[in-house]
Amino acid sequence: MTPMRLATVLAASIVCTGATTAVDFPFSTSARDPGVNRWIWYQVLGPRNSPFSIVYISTEHFVTRPPEFLVVLPPPRYDVISSYTNARIARRDCPGKEPTTEVWYTVDIAQHEQEHTQRCILPQASACEYLSAVIKLSGINWAAQELRPINDFMAQIKCNTTVSSPAPTTLGGQQPTTLPSEQLNAAEGGGP
């Protein structure tokens, strides 16, 4: 094939199929503020050899891009997770910066209410404990489609178990919405 014919074929294929750029395929590499009032995100930090899911839980719908997943819950159900997440973030073993050791499968958990965002960065084992507790919280009554992104996220960070239909539980005999961080810590077997 002559250079002129090759150029003609390439030009024709671009015209017929359209020019495609990265803008045509939006892709998230890290979590972002989705612009709504209330949300929680789970994202993997540190080294990776493939994109990990980013899971958002919110009371509002918003546009997501691969590999983002959105679970929209009514406010009463969201409040249960929000209270539990707030108690976990308040614990002393919840740093807000990336670790320098045990970096594989480190999870960033962020919670946003109105204009205030709090973060907790957890090593894999602690993140798996937190996520396992979230899917077992009483008062949520997860639907299978709501659990799928969380279970998939847990599998990606190599948690030992996932629960497809959790039995409702409480921590320390109390509802998570009223659980102070000290009781949360004791219920999970952690130190003060």
Looking only at residues in the stretch 18-70 that are at pLDDT below 90 and among the polar types (S, T, N, Q), which one is nearest to residue 115 (Cα to Cα)?
30
Give 65, 48, 119 a once-over and let me know the one that is among the basic types (Lys, Arg), in contact with a strand residue (DSSP E or B) (Cβ under 8 Å, 6 or more places away or on another chain) and on the phi < 0 side of the Ramachandran plot.
119
Looking at 105, 84, which is the one that is hydroxyl-bearing (Ser, Thr, Tyr) and modelled with pLDDT under 90?
105
Scanning the stretch 71-86 residue by residue, those closer than 21 Å to residue 154 by Cα and without any contact (Cβ under 8 Å) to a residue 40 or more places away in the chain turn out to be 72, 86
Flagged in the stretch 87-131 as assigned to a helix (DSSP H, G or I), over 19 Å from residue 157 (Cα atoms) and either in contact with a Ser or Thr (Cβ under 6 Å, 6 or more places away or on another chain) or without any contact (Cβ under 8 Å) to a residue 12 or more places away in the chain (or both), in numbering order, are 87
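The values are calculated or read from the model by the stated rules, or taken from the named source; none is laboratory data. Just so it is clear, the model here is predicted, and its values are computed rather than measured. Reconstructed Cβ throughout: ideal geometry from the backbone, glycine too, with neighbour counts over all protein chains shown.
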